[in-house]
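Asks: The structure's right below; bear with me while I get my questions together.
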Amino acid sequence: MASQPEGFNFEQMHGKQRVRVARVWKNKEGRHFFVEWNVNISLLSDCVNAYVHDDNSDIVATDTMKNTVYVKAKECSEQVSVEEFAILLAKHFTSFYHQVTHAIINIVEKPWERVYIDGQPHEHGFKLGSEKHTTEVILKKSGVIQLTSGVEGLALLKTTKSGFEGYIRDQYTALPETRERMLATEVTASWRYAYESLSSVPQKPQFFTDRYLDVKKDLVDTFYGPPKEGVYSPSVQNTLYLMAKSVLNRFPDISSIKLKMPNIHFLPVNLKNKDNQTIVKFADDVYLPTDEPHGSIQASLSRFWSKM
C-alpha cells in the first residue's frame, strides 16, 4: 500500500506464506472428500506506523493470518472449491480488520484423486495425481474482485502429427526442418474470470471446480485433436493459440487466458562407430528424452474489453 511518510514514496504489504491445510468432508452415505491446500496471504493495510514509528497497533500478526486459515477451514461444513475458500479468506480479512484495504490470496491445491478398486470408487482412499489446481483472489474492501484460476504441471505429449518448418535460417541454424516429430510440453495456464464484484460471483456449490475441469479438458482436447486422426501442429506457437482461443470461445465468463508451454525435446537417436555406421538408425522410434535446454513459448489472449 502506497503512502508518503517523511516526504518519501513508500509501498508495503505483509502476509503469511505456505500455510498448509488439509480438510476432510463426509457425506450422508459415508463417502469422504479430501483436499490439501497451500495458502499464501498478502494484506495491504494502513500500518505505516509499524515501519516508520515504534507502533505495531495497526498490524495484523502473520501468525493470526495462519490461524485464520484453519478456523475458516473448520467453518466450511460443506465442501468448497479452492476458489470459494480463497474468496472466503479475502472477505474475512477485508471486512474484519478496518486497517486492511486489499487482500491477495493465492492457493495451490495438491492433486489428490480418489482411488478406484476393481472399477469402483473407494469411499476414503486417495492417490496423488500430477497437475495442480491454482487460484488467485484480489479483493478490495469495496467488494471489487479479481478472480483467476489455473493449472500447473499439465504434462502433454503426442508421438506424431507435429512439425516445424519455414523458420529463419542463418549461419547459426543447425535444426533441420521436419513434418514428423514428437510434441511434448508441460502446460501452465491461468485464466481470469470476468466477475468484477463479489455480488456477481456465482454461488452454485462447486461451480469453479467444475469450470476448472471443463477448461482443462478443453485445453487437452484442443492439443490432441480427435482420438483417431488427431490434429497436426505446425508449431507450439500455433497449438498454444488454438488452445487459448478455444477456451475464450467456449466460456464467455472468462475474459483472458495466459499459457506457458515449454517445448520439451525428445531427440532422435542415431548411433554409429568407425566399424558400424548403423548401430541404431532412427526411424521415428527411439528417442533421447531431455528436459533442458527447452524451448520457451508463452502468450496471453484476451477479449478487447478485458482488464488483464
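Asks: Translational diffusion coefficient of the stretch 145-308 at 25 °C, 0.890 mPa s, Stokes-Einstein with Kirkwood Rh over Cα pairs, in µm²/s as a whole number.
Replies: 136
Asks: Where nothing but the Cβ of Lys and Arg (+1) and of Asp and Glu (-1) is charged, how large is the charge dipole of the stretch 145-308 around its Cα centre, in debye to the nearest 20?
Replies: For the stretch 145-308, the charge dipole is close to 320 debye.
Asks: Given the Cα-Cα distance of Thr278 and Ile117 and 0.36 nm per residue of separation, how much length would full extension add, in nm?
Replies: 53.3 nm
Asks: Give me the percent of accessible area attributable to carbon and sulfur for the stretch 145-308, probe 1.4 angstrom.
Replies: Roughly 55 percent of what the probe reaches on the stretch 145-308 is carbon or sulfur.
Asks: Quick one: accessible area per residue over the chain, 1.4 Å probe, rounded to a whole number of Å²?
Replies: Using a 1.4 Å probe on heavy atoms only, each residue of the chain averages 58 Å².
Asks: Nearest 10 degrees is fine. How inclined is helix 82-96 to the longest principal axis of the chain, computing both from alpha carbons?
Replies: It is inclined by approximately 30 degrees.
Asks: Between Asn263 and residues 5 or more places away or on another chain, which pairs have amide H atoms under 5 Å apart, with H built 1.01 Å from N, and which residues are they?
Replies: Gly295, Ser296, Ile297
Asks: Given H placed 1.01 Å from N in the peptide plane, which residues other than close sequence neighbours of Met13 have an amide H under 5 Å from its amide H?
Replies: Under 5 Å from the amide H of Met13 lies no amide H from a residue far enough along the sequence or on another chain.
Asks: So what J values fall out for the stretch 183-192 if you push phi through Karplus, 6.51 cos²θ - 1.76 cosθ + 1.60 with θ = phi - 60°, rounded to Hz, Gly and Pro as x?
Replies: Going residue by residue, I get 10, 9, 7, 10, 6, 10, 10, 9, 10, 9 Hz, with x marking Gly and Pro.
Asks: Note down the magnitude of the dipole of the stretch 1-157 about its Cα centre, charges +1 on Lys and Arg C-beta and -1 on Asp and Glu C-beta and zero elsewhere, to the nearest 20 debye.
Replies: Dipole magnitude for the stretch 1-157 comes out near 500 debye.
Asks: Next question. Apply the Karplus parameterisation 6.51 cos²θ - 1.76 cosθ + 1.60, with θ equal to phi minus 60°, to every residue of the stretch 12-22 and state each ³J(HN,Hα) to the nearest whole Hz, in sequence, with x for glycine and proline.
Replies: Going residue by residue, I get 8, 7, 8, x, 10, 10, 6, 8, 9, 9, 10 Hz, with x marking Gly and Pro.
Asks: Any chance you could give the angle, 0 to 90 degrees and rounded to 10, that helix 207-224 forms with the longest Cα principal axis of the chain?
Replies: Helix 207-224 sits roughly 20 degrees off the main axis of the chain.
Asks: Going Cα to Cα from Lys216, which lysines come in below 18 Å? Please leave out same-chain ones fewer than 8 positions away.
Replies: Cross-link targets: Lys110, Lys132, Lys158, Lys245, Lys258, Lys260.
Asks: Hey, another quick one. Just to verify a number: what accessible area does Arg179 come out at with the full protein assembly present, 1.4 Å probe, Å² rounded to tens?
Replies: Accessible surface of Arg179 is approximately 140 Å².
Asks: For Trp112, what residues show an amide H to amide H distance below 5 Å, using hydrogens built from the backbone and excluding near sequence neighbours?
Replies: Glu36, Gly129
The values are calculated or read from the model by the stated rules, or taken from the named source; none is laboratory data. Everything quoted here is computed from the prediction, not taken from an experiment. Neighbour counts are summed over all protein chains in view; Cβ atoms, including those assigned to glycine, are modelled from backbone coordinates with ideal geometry. With ligands, DNA and RNA removed, areas are computed over all heavy atoms of the protein, side chains included. Shrake-Rupley method; radii C 1.70, N 1.55, O 1.52, S 1.80 Å.
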